[in-house]
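Student: First the structure, which I've put down as structure tokens, then a few questions once you've had a look.
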Ligand code: NDP
């Protein structure tokens with residue numbers, strides 16, 4: 001039986017590319033999404049990959065959603081915490097709701113999904129958790145104290161959970177993408193985007209598939225000795 005992977009936010013953008021890459025690798029993939037039913041339906045029709053709607057920021061919904069996936073596809077071996085949102089604004093203009101919602105979904109989602117699946121992976125002696133962080137969690141970004149804090153938190157979460165999973169065959173790694181040509185980046189004003197691209201040594205935005213290939217490596221058997229690590233895929237924009 002093939003291994004089962006859940007990709008949160010897996011029906012569009014970077015998540016869609018990840019779902020496809022993991023399916024190509026031979027895993028049974030469940031693509032989670034938040035509310036864009038139309039896009040999810042089109043994705044499932046096009047790819048044959050089943051999509052499941054729940055809010056990763058809702059703890060109970062994650063427990064129930066993961067249980068449903070396990071019932072349909074089998075025990076969950078791989079989780080890719082990709083779902084994420086932005087609610088940008090300088091601190092003076094950022095509401096508590098903007099702060100809280102980004103923390104709840106981007107960082108809380110990782111905790112909720114790990115709570116729902118990590119125990120089973122540990123018991124079965126094999127598991128892969130890959131968390132999608134961000135260059136802005138590593139370097140900070142003007143107007144994004146909420147997003148930068150949540151993404152930075154993901155990098156800490158990854159290293160801490162990696163230590164808990166290591167001796168049970170469960171690896172936990174992160175990817176820190178730079179600017180990738182998805183809907184999220186399409187929302188950035190053109191003039192701002194031009195300035196961002198000018199700072200990318202490779203001279204262009206990244207593609208979702210370039211992130212997906214990194215995720216696929218972390219999920220492979222070949223990566224069994226790689227844990228607690230963060231792979232930056234950012235065209236050289238931020239190096240450390
Ligand atoms: P998109 O906005 O294109 O897609 C976001 C996906 O996440 C959608 O599938 C959406 O579902 C889902 N989602 C949002 N909120 C929730 C929720 N509460 N529960 C479940 N699913 C949810 O994002 P990208 O593909 O651009 O980004 C993917 C990840 O990569 C994010 O974590 C982002 O922060 C990170 N990233 C992106 C970068 C970029 O340049 N694009 C750079 C660095 C990091 P639905 O379709 O239903 O709305």
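Student: Restricting to region 192-222, give me the number of residues that are in contact with a strand residue (DSSP E or B) (Cβ under 9 Å, 6 or more places away or on another chain), without any contact (Cβ under 8 Å) to a residue 60 or more places away in the chain and not in a loop (DSSP other than H, G, I, E, B).
Tutor: So the answer is 4.
Student: Quick check: is even one residue across region 41-50 over 25 Å from residue 207 (Cα atoms) and surrounded by 17 or more Cβ atoms within 10 Å (Cβ to Cβ)?
Tutor: Among the residues of region 41-50, not one is over 25 Å from residue 207 (Cα atoms) and surrounded by 17 or more Cβ atoms within 10 Å (Cβ to Cβ), which makes the answer no.
Student: Restricting the search to region 162-190, which residues are part of a helix (DSSP H, G or I), more than 10 Å from the ligand (Cβ to nearest atom) and under 21 Å from residue 233 (Cβ atoms)?
Tutor: 162
Student: Select, from 78, 72, 105, the only residue that is in contact (Cβ under 8 Å) with a residue 12 or more places away in the chain, more than 10 Å from the ligand (Cβ to nearest atom), out of contact with any helix residue (DSSP H, G or I) (no Cβ under 7 Å at 6 or more places or on another chain) and under 30 Å from residue 122 (Cβ atoms).
Tutor: Only one candidate qualifies: 72.
Student: Output the number of the condition that residue 30 fails; it satisfies all remaining conditions of (1) free of Cβ contacts under 8 Å to residues at least 60 places away in the same chain; (2) closer than 25 Å to residue 104 by Cβ; (3) touching a strand residue (DSSP E or B) at 6+ places or on another chain (Cβ under 6 Å); (4) assigned to a helix (DSSP H, G or I).
Tutor: Condition (4) is where residue 30 drops out.
Student: Is it true that residue 136 is in contact with a helix residue (DSSP H, G or I) (Cβ under 7 Å, 6 or more places away or on another chain), free of Cβ contacts under 8 Å to residues at least 40 places away in the same chain and either surrounded by 14 or more Cβ atoms within 10 Å (Cβ to Cβ) or not in a loop (DSSP other than H, G, I, E, B) (or both)?
Tutor: When the stated conditions are applied, residue 136 passes them.
Just so you know, all these numbers are worked out from the coordinates, no wet-lab data involved. Just so it is clear, the structure is predicted and the values come from calculations on it, not from any experiment. A quick note on method: Cβ atoms are made from the backbone with ideal geometry, for glycine too, and the neighbour counts reach across all protein chains shown.
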